[in-house]
């Protein structure tokens, strides 16, 4: 194997990063991003992916020998382009050369708190203007309720009636803790087994997520181009006695049929653009467009 310029061959038995180590480090990137990791992984070797979104209409019940109707396909397509995310993290040369230290383990916290956090922010809030990906929140249909339970109930019903299977709720740690510990007038927990379990959804805690989401994870995709790379150099931060590890990947979130797949929750009666937090107690939901 030819060693690329600036990459050490002093570790991993003479290989800069064998494929299994690269795969583990890249999995740290996605695994440390709670929202991105909850989506269905969709690998690709292209700079964009296309999903056909035809909605055929005109099927009919037929008598004997009755002509078959011509079906209107209403053909369309959903296209998403991947966007590049990357960064450089440092680990001490002592930790790299010490075989008793799990290198990928020592990287996990650093990547989770930096690259992984940025990955989730881009997938959720990206503007769609290069170099940012298109965030899912801006384009997700709204389900509004007086409180979290009402909004979730509306979201689940609308996704199911559209043909999806709502499976997941993404929300901040604060919102989930508030819902889990909500009490009735007698001081008893309303949801002894947790709010998400009572709602029939799998919780995904996304730090500081202002807009909760309910979605069908099987219809929401994390597109990952297969040219992701992990490279390292001992020259970049030679003066720090550190090995610099560069991680880069091209990713995007794709939701080809959002009515069947996702709802963003607007909670409370606030008139501003941001949802207003409210306890997770039952009340009648209302519809907001």
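Only residues that are within 22 Å of residue 215 (Cα to Cα) and surrounded by 12 or more Cβ atoms within 10 Å (Cβ to Cβ) were counted across region 42-53, and they come to 5. Within region 188-206, none of the residues are assigned by TED's automatic domain parsing to the domain that holds residue 38, loosely packed, with under 15 Cβ neighbours inside 10 Å and more than 25 Å from residue 85 (Cβ to Cβ). In summary, strands (runs of 3 or more DSSP E) completely within region 16-135 and bearing 2 or more residues that are at pLDDT 90 or above and closer than 19 Å to residue 256 by Cα occur at 40-44, 77-81.
The numbered conditions (1) more than 13 Å from the chain's Cα centre (by Cα); (2) at pLDDT 95 or above; (3) under 28 Å from residue 78 (Cβ atoms) are all true for residue 197 except (3). Which members of region 207-226 meet the condition of being surrounded by fewer than 16 Cβ atoms within 10 Å (Cβ to Cβ), in a loop (DSSP other than H, G, I, E, B) and in contact with a strand residue (DSSP E or B) (Cβ under 7 Å, 6 or more places away or on another chain)? The one that is surrounded by fewer than 16 Cβ atoms within 10 Å (Cβ to Cβ), in a loop (DSSP other than H, G, I, E, B) and in contact with a strand residue (DSSP E or B) (Cβ under 7 Å, 6 or more places away or on another chain): 226. Once region 148-175 is narrowed to residues that are farther than 17 Å from residue 216 by Cα and in contact with a strand residue (DSSP E or B) (Cβ under 6 Å, 6 or more places away or on another chain), the residue that is surrounded by the fewest Cβ atoms within 10 Å (Cβ to Cβ) is 173.
The values are calculated or read from the model by the stated rules, or taken from the named source; none is laboratory data. These figures come from a predicted structure and were not determined experimentally. Neighbour counts are summed over all protein chains in view; Cβ atoms, including those assigned to glycine, are modelled from backbone coordinates with ideal geometry.
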